[in-house]
Amino acid sequence: MNETSQLGIVSTVIYLALIFASSIISVLGSIGIIRFFARKSIDVKEEIVKNKNVGISLVLVSFIWAIGRMCIETIQPIMNAWYSSYAYGFTFRSILRFSLGILGSLLIALLSGALVIFLSIRILMVLTRDIDEWLEIKYGNTAVALVIAATIFVVGMFFESIISYIVIRMFGF
Amino acid sequence: MATRTQKVNRAIVLLTAAVTMPLLMPRRALTPRFISPSLLVGGPSAAAARQAPQNKGGGVSAEKERLFLRKFTWQSISKAWRETEFHLSEKDIKKETRSFGVPHGEKSSFFIKKMGYLEIAPNLYIINYRQIYQRNREYFPALSSALLLSSALPPGEEPLFAFLLFVQQIQYKRPPKYYEGRFIDCFFTPLICLYEQYGDCDSKSLLLAEFLTTLPGAREKVAMIVASRFSTTHSILAVDRKPLPGMTTLYNPGKGYFIPLETSAPGWSPGFISRNVAELIRKGKIFFIDLN
């Protein structure tokens, strides 16, 4: 396993591609989820860039963190599978299976992140029935945004530990 | 003249000292205590009596000295099934059995240390992996060559992964506390692990260390990593390699980078370990034991 070998180069490319894909999924997924939860009443880009809405950026950061953590947790089983099953010889079929596994794992990460966010917000909504959180955030209520972000961080921390287990079980990684 | 508060404080300090000092003092003239690194959470029960050898492949061939044949069938990197045969000398097995383990009731510190234990505090012992590793080196050159031959590796390919796969596929089972009448603390030395065809985390890790370092021209640096926290104790092997992307790494100042090798079960590539063990390493809750 010399790091200058072909295996090292290919592994680095796969690893970087996974990190890049995770980043893209985290950011785009987070923006999409905010739009979904706020029933398209919030334009994230406009709120952050034009209105300098700190609340929206806080919530976006927590969403990116939650989905990003889920994606990172899937990278280790993917790389483990790469070294053990594919790095020392592969066929077209095995590579296709590996690629589908990667796509599936990242999709699982995105869905898990969305589930974490959904659960966090549901918990808050049950506790504070008379408050419309998204409206408050839209009007610049940073305190509400801070509470949502903190809830997502905590629920996310509990969830991230089981993601690699799910990925290993589902895709045989 | 001390005030009342000072007197009360002094009394509290004396009382605390009186309670804690006996706990901190070494307990001499008591039964030796052994710290076992072979406990794996979720592993088989500790209540193990001496167990009969299982799954012995082949029989005994007799010429000048009796040899035990041990057959292993395992899946290589290319997913092809391989069969490896080891011929273990009865003389070596007997010698190794006698060299490790303490007879019941033995309290002599000198004897216990001679029989493969390390005294880390008065009357407190752990398994001396380095001593066992060094002693077992004499048996392994031929065994390592046999394993390399059966691995059928392409020319120039290093045997690390193949050897790891072989050891991972040896049955994971916790050795008994007593073996041949000696207290072995649920640990099989490498030769006995091969003879019995099973072992637990530290037994299999040390076996892999022997295979990796006794090949002709091998210059591997290996270390045992004993990760421990509360009731979770687990052993893995570490080998000096520069890590590839995604791998867990240990850095030992002066010795360089090591990657962990998980021998307990198949499915772990070099450099990949479970989340819990990685967490313990990250927190520094490990013992790094250099073997060579």
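For the range B:265-292 versus the range A:55-122, the inter-centroid distance based on Cα atoms is 23 Å.
The angle separating the long axis of helix A:6-37 from the principal Cα axis of greatest extent in chain A is about 20 degrees.
Over 22 Å apart at the Cα level, from the set B:Lys177/B:Lys221; B:Lys114/B:Lys221; B:Lys91/B:Lys114; B:Lys94/B:Lys177; A:Lys45/A:Lys138; B:Lys107/B:Lys204, are B:Lys177/B:Lys221; B:Lys114/B:Lys221; B:Lys107/B:Lys204. Taking 0.36 nm per residue of separation and subtracting the current Cα-Cα distance, fully stretching the chain between B:Arg98 and B:Arg66 would add 9.8 nm.
Computed from phi, the 3J(HN,Hα) profile of the range B:65-76 under the Karplus parametrisation 6.51, -1.76, 1.60 (θ = phi - 60°) reads 10, 6, 10, 9, 9, 10, 10, 10, 10, 8, 9, 8 Hz, with x in place of Gly and Pro. With both labels modelled 7 Å from their Cα along Cα-to-Cβ, the B:Trp81 to A:Phe36 distance reads 4.7 nm.
Hey, with R₀ at 30 Å, roughly what FRET efficiency would B:Tyr251 and A:Gln6 work out to, going by the Cβ-Cβ distance, to 0.05? Write down the numbers at each step before the final one.
On the way: r = 26 Å, r/R0 = 0.86.
With a Förster radius of 30 Å, E is 0.70.
Once the convex hull of all Cα atoms in chain A is built, its volume per residue stands at 126 Å³.
Length gained on full extension, A:Leu146 to A:Arg93, computed as 0.36 nm times the residue gap minus the Cα-Cα distance: 14.3 nm. Spin-label model, A:Val154 to B:Glu90: label points 7 Å out along the Cα-to-beta-carbon direction sit 6.8 nm apart.
Placing dummy labels 7 Å off each Cα toward the beta-carbon, the span from B:Gln171 to B:Lys114 is 3.5 nm.
Laboratory data are not the source of any read-out in this text; all were calculated from the coordinates shown. Everything quoted here is computed from the prediction, not taken from an experiment. Cβ coordinates were reconstructed from backbone atoms using ideal geometry, including for glycine residues, and neighbour counts include every protein chain displayed.
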